[in-house]
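J.: Here you go, one structure.
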Amino acid sequence: IKQIVEVEAPVHESEVTRRLMDGYGVSRAGNRIVINIQGAIRKGGADKLFHYHQQFLYLDHQKLSQIRNRSAFASADRNIEYVAPEEIDMAVLEIVRLGFSMPRSIAISEVLSALGFGRSTEKNSAVVNHRIDSLLSRQQLLLDGEKLTLSTGHGSDETRQA
């Protein structure tokens with residue numbers, strides 16, 4: 001699990017399970033396997049081998065991330081729920097920074113594109129929209145009329161650490 005986290009962090013616990021299953025040539029995770037993997041994830045988090053928070057595994061408690069494009073993944077492997085909130089936040093902040101300001105609908109579409117989700121499904125758009133609301137409530141983003149803008153002090157260095 002630690003090796004998977006070192007390569008893929010942040011990574012959703014379901015993806016860790018899938019990677020382990022693939023590694024051992026097991027096609028289906030039964031209840032016992034899932035329970036054992038979840039126990040190992042909790043133990044690894046408790047032993048500080050990685051940071052485990054709300055179904056995601058991170059290298060450390062800072063939960064730093066990078067924006068990763070998943071367009072090369074099979075469509076079955078592209079699930080917005082497996083993208084860490086911090087990565088979506090970082091993508092939103094970076095897209096708005098690059099565009100200086102933009103309507104919410106354009107920001108959502110651009111973020112999904114940057115993350116490798118070709119089309120904006122209702123589910124994907126709702127997740128990004130929720131993250132935009134979170135950034136607005138934390139005042140990392142501002143709403144100027146109908147356009148999203150970065151709040152003062154959220155330049156490129158801070159965007160990478162959001």
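The values are calculated or read from the model by the stated rules, or taken from the named source; none is laboratory data. Note that the structure is a prediction, hence the values are computed from the model and not measured. Ligands, DNA and RNA are excluded from the accessible area calculation, which covers all protein heavy atoms including side chains. Shrake-Rupley method; radii C 1.70, N 1.55, O 1.52, S 1.80 Å.
J.: For segment 100-153, just run the numbers: alpha carbon Rg, then divide by 2.2 N^0.38 Å, N being how many residues it has.
T.: The reported ratio for this selection is 1.11.
J.: Heavy-atom accessible area per residue, segment 15-56, 1.4 Å probe: how many Å²? If you can, show how the numbers build up before the last one.
T.: Details: 2970 Å² over 42 residues.
That works out to 71 Å² per residue.
J.: Ratio of segment 1-70's C-alpha Rg to 2.2 N^0.38 Å, to two decimals?
T.: Its radius of gyration relative to the 2.2 N^0.38 Å reference: 1.08.
J.: Distances longer than 29 Å among the Cα atoms of the chain: what percent of all pairs is that?
T.: 25 percent
J.: Sticking with this structure for a sec: Round to the nearest 10 and give me the degree value, 0 to 90, for the angle of helix 31-46's Cα axis relative to the longest principal axis of the chain.
T.: In the chain, helix 31-46 runs at an angle near 60 degrees to the longest axis.
J.: Between N31 and K48, what length comes free when the chain is fully extended (0.36 nm per residue of separation minus the Cα-Cα distance, one decimal in nm)?
T.: Between N31 and K48, full extension yields an extra 3.6 nm.
J.: Can you tell me the orientation of helix 85-99 relative to the chain, as the angle in degrees between its alpha-carbon axis and the longest Cα principal axis, to the nearest 10?
T.: Helix 85-99 and the main axis of the chain meet at about 30 degrees.
J.: With N set to the residue count of segment 46-101, report its C-alpha Rg divided by 2.2 N^0.38 Å to two decimal places.
T.: Details: Rg = 13.5 Å, N = 56, 2.2 N^0.38 = 10.2 Å.
Normalised by 2.2 N^0.38 Å, the Cα Rg of segment 46-101 equals 1.33.
J.: Helix-only estimate, please: 222 nm mean residue ellipticity of the chain, summing -39500 (n - 2.57) across DSSP H runs of length 4 or more and dividing by its residues, to the nearest 500. Please report the intermediate quantities before stating the final value.
T.: Values: 7 runs with 81 residues, N = 162.
Theoretical 222 nm ellipticity from helices: -15500 deg cm²/dmol.
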